[in-house]
Amino acid sequence: MNSETLGFDEWFDERSGAMLPEGQDAARVMTVDRGAFTVRSERGETVAELSGRFRFGADSSPDLPCVGDWVCVEQASPTLAIIHAVLPRKTFLRRKRPGKTVAYQVIAANVDVAFIVQSCHYDFNVPRLDRYLVMAREGHIEPIVLLSKTDLVSQEALDDLVDRIRGAGISAALIPISNTTGRGLDAFRDLLVPGKTFCLLGSSGVGKTTLLNRIIGHDAFSTQPVSATGEGVHTTSRRQLHLLDNGAMLIDTPGMRELGLLGTSDGLDDSFADIDDLSRDCRFADCTHSNEPGCNVLIALSDGTLNKARYESYLKLRKETDFHDLSYVQKRKKDKNFGRFIKSVKKQGRR
């Protein structure tokens, strides 16, 4: 298998020359599971581990390999590769690390299309969908919405869900699917283009792994039966890139219970392009669109041009990402100051 088949195109070729010394190859990270890696290159697939210099030289966890990354590897043995560096990422999926810690967590890299899966039943939530869309667009990834478990609702109820999505101003492509009846699966398969990388995103139990099994053609990955309410059960515990028979690549990810936003200002503007356009005619350049006179966004809200739920979702996400961004900058500043202090202590110790 050549590297082009795995997605190594001209973009990566232009950026890898200076980073790939003699004796090292470019390999793609296929799985990441609690610090253990599997990579695939033209030599084949093998387990991999980080070199000591790389591990201890990384500034933070986002600098370490994630599924979908291209890395520089040295073949230590037929069954072990050593990872020395991560090549630049063309695209990325990242979120704020769960909990109170203000730091990034990279979910996947070098993804062309993100399929955002929401169940028509228990999981449907437009504000949560907005979060996934912002995350995908911030990472320069095309989002497509999959409404799963359509067999659990009537056609009238499904039409209402689609109307709610469109009424909220969400214009991303949308495909209703059912792993049980097969509805929409042919349309989904048609999108899986050879040589491109796709990713399944969504909460636990929305049917991502079952969908993967349907695409592969057999139950390659374990799933759990749904409850009487149609609510699924968390199954996937690691991020893995699967090479499909037609040459497309599909990443399955664990369900996300928290989806905090950090560093997503551009993605927010892209996802809420209508509000961003309105804001250009606000009286003040730093308008917060909350109570300022001459706010064009508030004018659109009052005359019904702007959907109220969409406005409230935008305002909530904007406040959240601005707060986390400021906290992240302050944290980085503290980390740098602490680093300088440690260096000064070491210098004094040498004297």
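The values are calculated or read from the model by the stated rules, or taken from the named source; none is laboratory data. What you are looking at is a predicted structure, and each value in this text was computed from that prediction instead of being measured. Quick reminder, even Gly has a Cβ in these numbers, built from the backbone with ideal geometry, and neighbours come from all protein chains shown.
If the requirement is being free of Cβ contacts under 8 Å to residues at least 24 places away in the same chain, of a type outside the set (A, V, I, L, M, F, W, C) and touching a helix residue (DSSP H, G or I) at 6+ places or on another chain (Cβ under 7 Å), which of these qualifies: ASN291, ASN307, ASN296?
One residue alone meets the criteria, ASN296.
Counting only residues that are in contact with a Gly (Cβ under 7 Å, 6 or more places away or on another chain) and more than 19 Å from ASP274 (Cβ to Cβ), how many does segment 136-175 have?
Final tally of qualifying residues: 4.
If only one of LYS149, LYS100 is farther than 29 Å from HIS324 by Cβ and among the basic types (Lys, Arg), which one is it?
LYS149
Please give the number of the condition ARG214 fails out of (1) surrounded by 15 or more Cβ atoms within 10 Å (Cβ to Cβ); (2) basic (Lys, Arg); (3) under 27 Å from GLY267 (Cβ atoms).
(3)
Answer yes or no as to whether LEU64 is surrounded by fewer than 24 Cβ atoms within 10 Å (Cβ to Cβ) and under 18 Å from ARG239 (Cβ atoms).
It is true that LEU64 is surrounded by fewer than 24 Cβ atoms within 10 Å (Cβ to Cβ) and under 18 Å from ARG239 (Cβ atoms).
Against the conditions (1) among the aliphatic types (A, V, I, L, M); (2) farther than 18 Å from VAL145 by Cβ; (3) modelled with pLDDT of 90 or more; (4) not in a strand (DSSP E or B), where does LEU212 fall short? Just the number, please.
(2)
I'd like to check which strands (runs of 3 or more DSSP E) are fully inside segment 1-116 and have at least 3 residues that are farther than 24 Å from GLY263 by Cβ.
Qualifying strands (runs of 3 or more DSSP E): 25-33, 36-41, 44-50, 70-77, 80-86.
If I ask for residues that are hydrophobic (A, V, I, L, M, F, W, C) and either farther than 20 Å from ILE107 by Cβ or in contact with a Lys or Arg (Cβ under 8 Å, 6 or more places away or on another chain) (or both), which ones from segment 202-219 would you list?
Across segment 202-219, the qualifying residues are VAL206, ILE215, ILE216.
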